[in-house]
Structures are given as C-alpha cells and as structure tokens.
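The values are calculated or read from the model by the stated rules, or taken from the named source; none is laboratory data. Bear in mind the structure is a predicted one, so any value in this text is a computation, not a measurement. Here the Cβ positions follow ideal geometry from the backbone for every residue, glycine too, while neighbour counts run over all protein chains shown. SASA here: full protein model, heavy atoms, side chains in, ligands and nucleic acids out. Shrake-Rupley method; radii C 1.70, N 1.55, O 1.52, S 1.80 Å.
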Amino acid sequence: MKHFRFFTLLLIAAIAITTSAEKVKRVTILQQMGPMYWHYDKPVTDSITGLSTVKWQSTEDRHVKGRDDQWAKQVISVSSNVIENHFINVPFGSFRNMPGDMTPLYWQLTEEDGETVLHCYLKMPADVVTNFWLASEETGIVDAETGVHYRARRSEPDCWKRYFKFRAPKDSIVDFRIYFPPLPETVNDVYIYGVPNWNLRGDHTVAINRPVSGLRNSPNAPYDIAPEFHKPRLVKPEHDYDKNNSGTWSVYTDVHLIKPAEEKTFAIWRTKDATYLARATEQNWMREYFGRGGNNVLMDNNGRQYKLKDVMDYPNNNLFWVEGYSGDWFAIVEVYEPLPLNVKTFTFIVPEGEPFNAWGANWRGEVIPNLDVEQLRKNQKLFEYHPRVVVK
C-alpha cells in the first residue's frame, strides 16, 4: 500500500509538471511603442519608513478631473524581479533616466492565450506612486476600418476604475496589463482609447503587425501560402479620376514598410490560383505618386504570357499618391495568373504607359529577363513588415 501511495504521488507530480509546461504562454507582439517620458514632482521621503513617494499629477490635473473621488484607493505591490524575468523580450535598456525629473513609459500590444493584452510599463520614479489611473469602462480598441469595438475586460493588478497607489523598488519596471477580446486576423489598424497616462486616447491609429503568413512557406513545398501584407490606409479615395489632374488621384499612407533594399528587388509567392509578385519600392519624397499594373505581363521561356489580375490594396493602372517619409521602402504587390510549376525563370514586362501631366511625369516601359522563381521565393523574407524608426 505504501508503494502504491508513493507511485500515486509521483504520478500526480508528473501530471502537475506536464500541465504546468503546457500552460506556457504563446505571445505574439502586435505593436509596441516608447519610450515616452513624463515629468514627475520631486519625491518626498518618509522619515520613518524611508520610502520615497511621488504623486502622479497628470491623473487628476489632465485626465480624470471631475470624476467621482469616492472610488476606493488601494496599494498594489509588484515584484520587479518577476516582471523583468517574465518579460525578457522587453528592451529595458531604453528605460534610462532622463535629466529634469522625467520617467519613461512604454507600451506593448500582444496576443496571449486567446486574448489581446495591452502591457503598460513604467519605470518607478520612487518607491511609491500615488494618485494613479489606469483604465475603466472607457478603455477600448476600435477597428479603424470597420468601427467594431473590442472593450476592455479587466486589468491586472486589479486597479479597474480607481485612483490608486502602488509600490515597487525605485527604478524597477512595473507592468500593468489590460485585457481585451482577441482581435481577428483581418484587423489591420486600430484606435486605442481610455489609457491616458500612456497617451492612448484615440489620437492616432495603431498598426497591427502580424507575421506575414507567406514567410512560413517551406522552400521545398511546390506551392506557397498566399502572402498577407500590412494594409495601407486610404486617406483620400480617387474622385472623377483624371490622369492629368493629380487632385483626383487616391492618397495612401501607413504602407507596408520593409528594410531598405537594392533597386529591382522582387519576391514571388506562387499558389495554385495566382502568382504574387512583390517589388521593393523606394519613396524619394514625403508625398510621391506611383502607378502600377495595366498591361503588365509575365512571360515564360516558351513565350507564354501570364496577365496581371490585380494590384493588392492599390489602384490597378491608375496613378496614386503615397504619403510617408523620404527614404521609406515599401512593397507593392501585383497579382498575376498562376505560373505552372515547370516554369523556372520568367521575364517581367511593363509596357510604356500613356503620357500624363505631372511634375517629372514618367511611365517608361521595362523588361527584366531571367528572373529565377526559386530565388524570388527565398526573397520573401526581405518583404517582412519593418516599422519605421525615426531618430531626431
């Protein structure tokens, strides 16, 4: 009986270890931002406890003035060691002290265990911070394209709808988490509301950066998975399109940025239904016009042509504007009829376009021969979304 009991305990322990291992979180980073720096008043040190305290002025002065002040206040103690070890991918090096009593804040939007999680990080300016505010029923994520709301469910630690104070060692990193319903894969840009201390008040769109599905293709597979690219935001749709009147052209921004590439860099995704040809495109001006499509074709070595079907997310054949930064590189993807598997190389042909009235107007024809299919499949990794980083 004793042996049976001992074996049972071992079995229970093994099951517990296995269950624990299976509960390891799968985290996908959708977007991150920071650091941004907030001013804080000079800390006050308690002569008895030796703890320094900072009152967070922006809470009542700027964001929640006039609210019911009877909400319960509570103390939240956070272990900085647990936080820093668990969130090992957070670039803590950027949380440096700034002169003039400034403390850094940083946020990160993730997918974890079937929920969308907003991590709000703050470097402790003192041992205790009082008069703080995180989230309430006003906190939500809104799909910029469809207007669908994903309202916040809860916060951890539990500081929902309250002024509160929290304690952690000075200069440690605290992590406040706000939980939302999962965002569908079709969501590309969102607005985040109701997290004022991290400057998330719906003032700007937040791009959702999911891994490009085509990058998961195996080089040994005969066909690729159709690529998914960051969808550009349409600022102004074309109206009564006239190629000679640039004011009628559509305007786009927040495009699928990539790392700088050599001119005429291509990548290909070959599926049973279509051929996706991405081209690295350089933006030389902060507002620049482009034109793609029309009568473009791919031609194999036997002279067979594969016609253009569409241009992903942009007009097919009509001119359009892109707004961004001079020096940006982004992807424009053309969709052609499917290439047979026996086609190993092909020629890319762009017929000359019709003349139009614009500064530097040019739509020259282009012929690029001997493009190798397998090499272009390897180039898929060059077209992974790469958010812009600006240093001023």
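Below is a table of values for the structure above.
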quantity: ³J(HN,Hα) computed for each position of segment 144-151 - Karplus, 6.51 cos²θ - 1.76 cosθ + 1.60, integer Hz, glycine/proline x; calculated: 5, 8, 9, x, 5, 8, 10, 7
quantity: Karplus-derived HN-Hα couplings along segment 124-138 (A = 6.51, B = -1.76, C = 1.60, θ = phi - 60°), whole Hz, x at Gly and Pro; calculated: 5, x, 7, 6, 9, 10, 10, 6, 9, 9, 10, 8, 7, 5, 6
quantity: Length released on extending from Y223 to L341, taking residue separation times 0.36 nm less the Cα-Cα span; calculated: 41.7 nm
quantity: 5 angstrom amide H check on H256, placed H, neighbours 5+ away; calculated: A331
quantity: For segment 262-303: relative contact order, % (alpha-carbon pairs under 8 angstrom, 6 or more apart); calculated: 28
quantity: Relative contact order computed over segment 216-375 (Cα-Cα under 8 Å; 6+ residues apart), in percent; calculated: 24
quantity: Other-chain or far-sequence residues with amide H under 5 Å of Q32's (modelled H); calculated: L109
quantity: Spin-label zone in segment 306-332 - amide nitrogen under 18 Å from a point set 7 Å from the Cα of T248 along the C-beta vector; calculated: 315-321
quantity: Backbone HN-Hα couplings from phi across segment 153-161 [Karplus 6.51/-1.76/1.60, Hz, Gly and Pro as x]; calculated: 9, 5, 10, 9, x, 6, 10, 4, 6
quantity: Label-point separation in nm, F290 to E374, each point 7 Å along Cα→Cβ; calculated: 3.0
quantity: Radius 11 Å from Cβ of N188, net charge of other residues (Lys, Arg +1; Asp, Glu -1); calculated: -4
quantity: Per-pair calculated FRET efficiency, R0 = 35 Å: T28 and E138 via Cβ, rounded to 0.05; calculated: 0.85
quantity: Rounded accessible area per residue of segment 348-392, 1.4 Å, Å²; calculated: 72
quantity: Contour minus Cα-Cα distance for V391 and R153 (0.36 nm per residue); calculated: 82.1 nm
quantity: Restraint check, K123/K231; K243/K272; K231/K378; K161/K231; K243/K344; K161/K392, Cα-Cα greater than 29 Å; calculated: K123/K231; K243/K272; K161/K231; K243/K344; K161/K392
quantity: Difference of contour (0.36 nm per residue) and Cα-Cα distance, E185 to E262; calculated: 24.6 nm
quantity: In nm, spacing of pseudo-spin labels at D46 and Q305 (7 Å Cα→C-beta vector); calculated: 8.1
quantity: Other-chain or far-sequence residues with amide H under 5 Å of I208's (modelled H); calculated: D189, V190
quantity: Segment 340-392 - percent of accessible surface contributed by carbon and sulfur, probe 1.4 Å; calculated: 53
